[in-house]
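Below is one structure, written out as structure tokens; comments come after it.
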Amino acid sequence: MQRLAQKLAGMGMFSALENISNFMAAVQSGRWDQLPAEEQRHWLTLLRGLLGIRALGDNERLSSDQDLSDCWTIIDAQLTAVERRISRG
């Protein structure tokens, strides 16, 4: 995500950076693991929408970007894990 954030800053796409940087700060500080699973799901869903096909993925400069693709993979895996935790109660 850090490489993607640097690319977005270089492209002047600052509106996407706030949510990405907040997420990275939460993970880096250890606060992410302290959040309830429902809140983690909320933030992951928000990030997936922000980085998804109908958002940054629609940008022709980013549509085939490996860093963006890697972020999709990580977010989807995390979201699947969080959903499993929620469904187990």
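Computed from the coordinates by the stated procedures, all read-outs in this text should not be read as laboratory data. Note that the structure is a prediction, hence the values are computed from the model and not measured. Neighbour counts are summed over all protein chains in view; Cβ atoms, including those assigned to glycine, are modelled from backbone coordinates with ideal geometry.
What to note about this one:
- Residues (exposed (fewer than 15 other Cβ atoms within 10 Å of the Cβ) and closer than 19 Å to SER64 by Cβ) located in segment 8-30: GLY10, MET11
- Test: GLU39 is part of a helix (DSSP H, G or I), out of contact with any helix residue (DSSP H, G or I) (no Cβ under 7 Å at 6 or more places or on another chain), without any contact (Cβ under 8 Å) to a residue 60 or more places away in the chain and of a type in the set (D, E, K, R): yes
- Residues satisfying the stated conditions in segment 39-73, i.e. aliphatic (A, V, I, L, M) and surrounded by 13 or more Cβ atoms within 10 Å (Cβ to Cβ): LEU44, LEU46, LEU47, LEU50, LEU51, ALA55, LEU56, LEU62, LEU68
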